[in-house]
1. Going by amide H atoms built from the backbone, whose H comes under 5 Å of the H on Val298, apart from near neighbours?
2. Can you give the FRET efficiency for Thr155 and His248, using 1/(1 + (r/R0)^6), R0 = 35 Å, r = Cβ-Cβ distance, to the nearest 0.05?
3. Taking 0.36 nm per intervening residue step and subtracting the Cα-Cα distance, what contour gain separates Ala317 from Arg276 on full extension?
4. Which are the unpartnered cysteines of the chain, meaning those with no other cysteine Cβ under 4.7 Å from their Cβ?
5. Please identify the trypsin sites (Lys or Arg not before Pro) of the range 151-254 that satisfy two criteria: DSSP loop assignment and at most 15 other Cβ atoms within 10 Å. Which are they?
6. What residues have an amide H closer than 5 Å to that of Ala425, excluding those fewer than 5 places away on the same chain, when H is modeled at 1.01 Å from N in the peptide plane?
7. Once phi is turned into ³J(HN,Hα) by the Karplus curve 6.51 cos²θ - 1.76 cosθ + 1.60 with θ = phi - 60°, what whole-Hz value does each residue of the range 121-127 show in order, with x for glycine and proline?
8. Which GluC sites (Glu not before Pro) in the range 272-317 sit in a loop by DSSP (not H, G, I, E or B) and have at most 11 other Cβ atoms within 10 Å of their own Cβ?
Amino acid sequence: MPKVTAKRYVCRECGSAHSVWSGRCNDCGNWNSLDESDSNLGHFSKNLEPRKKSFKNSGMIVRKLSDDITPARFTPVGIAEFDRVLGGGIVAGATVLIGGDPGIGKSTLLLQAASLCSQHSKVLYISGEESVEQILLRAERLSEQSQHLNVATETSVEAIVDALATLKPDFVVIDSIQTMYLAGIEASPGTVSQVRASSHLLMSAAKKYGFSLVLIGHVTKEGAIAGPRVLEHMVDTVLYFEGERSQHFRLLRAVKNRFGACNEIGVFEMSSNGLREIANPSALFLADREEAISGTCVVPALEGTRPILIEIQSLVAQTHFASPRRAVIGWDQQRLAMIIAVLEKRFGYNFAEQDVYLNVTGGYRLQEPAADLAVVIALISSLGNYDVPINLAAFGEVGLSGEVRAVPQPDIRLREAVKLGFQEAILPKQGTQNSDKHGLHCTLCNDLTPLIRRFPPPLGAKNAAKFSTHSSAA
Ligand code: TYD
Ligand code: MG
């Protein structure tokens, strides 16, 4: 019987495969981007080495872990904040992907790291964006230790892999993966097929020659399709470099790490001489607090294993619109809506005619529900114009019935608050009743009642009567 090969049509922009040809790719919407392909692997499969051998003599070597295998070792980069996020340092043969908005400081960070590593290892920094002269100019500004750093400007992956075979470096940086291309693929650099195939080839070279590879990838605010997202499953470690460009500090966050803890963060400040490490980020985030005012509260948040004190600010003001505004920066809009609904329905606060602005200071993005309690304090103190003491910190998750739920690691949070001079804390009762309070004056809550007593709904508010019923019942 003759062998039937199913034809497939693969989009050269997004890499998706279709069984029938059409003028427009149904997945990414690009016109005239479908190419015919005989293989299930997509049209770039012809660049990957074909598997000719049968399984029996494929040459695969199977070993027992009890055999004499030397485990991979971490080589510290020399920037403590970077090393912690990596899990200890870079690993030979492994690939790290660093994603982030253009202009956030990825090249700066990697050039600093590469310069430091070049003191003891053979490091190659390959840029597809800047000329060697531009890299030199930047490197001189950033570090005095860059004289041993090898740099190159190249965008052809074939040429890079060829060079790597002879250069045998220990550490290679590719800046950025979106500028790299393989000649065999009929798609422009930066498209999914180019990004995927280029990374695959570079990663294979890293494994074969045993060097550590760092790929830099741009992500746009819209989450560009050809960004690092398509590579996340292929690489060993995925880090994101975040921050507002208008602000000075930057967060390096691990979202995937085969060699260390996830959700670990490193904090940096962008200065005129490159990125500086911030060893005590809490002090940085709280720098501008001077006196007690309404609408602010500090939350000891947790990032990976690390506590950071962050200030939440809220402004509740009479609206001039038919439907009041709910503007949130750095927190979840849905969660704010939920907290407002709980305060209105269960405790008699009235936000119906109020605009609510909520801001997490310093451009930081909070993801933990542990911030709920601090958000509640910021909201109700602003609504009633109550000053919040400057030395008060609060954390705890708020449920739909107004109960306050336990959050992970209360002890670490309390210790950080004490370290930064806080004297009072409001926290969940659950899980903290018998724990050490480190000398803090603590209010333990099962529900929001203690807060309602302290910052009651303003008199004259529509629903204030409801509150008095609630509190007397409590
Ligand atoms: P860069 O590392 O080029 O960003 P990316 O590689 O993520 O696109 O950083 C660019 C920004 O950083 C640029 O706006 C200027 C600023 N910058 C400083 O403020 N100080 C410095 O020492 C350097 C090198 C850059
Ligand atoms: Mg760059």
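1. Result for Val298 returns Ile312, Ala394.
2. So, using R0 = 35 Å, E works out to roughly 0.65.
3. Taking 0.36 nm per residue and subtracting the Cα distance, the gain is 10.9 nm.
4. Cys117, Cys262, Cys297, Cys442, Cys445
5. Lys221, Arg245
6. Those qualifying (amide H under 5 Å, at least 5 residues apart or on another chain) are Ala393, His441, Cys442, Thr443.
7. Each residue's phi maps through the Karplus curve to give 9, 8, 10, 10, 10, 10, 10 Hz.
8. Within the range 272-317, the qualifying GluC sites (Glu not before Pro) (loop, at most 11 other Cβ atoms within 10 Å) are Glu290, Glu291.
The values are calculated or read from the model by the stated rules, or taken from the named source; none is laboratory data. Nothing here was measured: the structure is a model prediction, and the numbers come from that model. All Cβ positions, glycine included, derive from the backbone under ideal geometry; neighbour counts span all protein chains shown. Quick note on the areas: whole protein, heavy atoms, side chains included, nothing else; ligands and nucleic acids left out. Shrake-Rupley method; radii C 1.70, N 1.55, O 1.52, S 1.80 Å.
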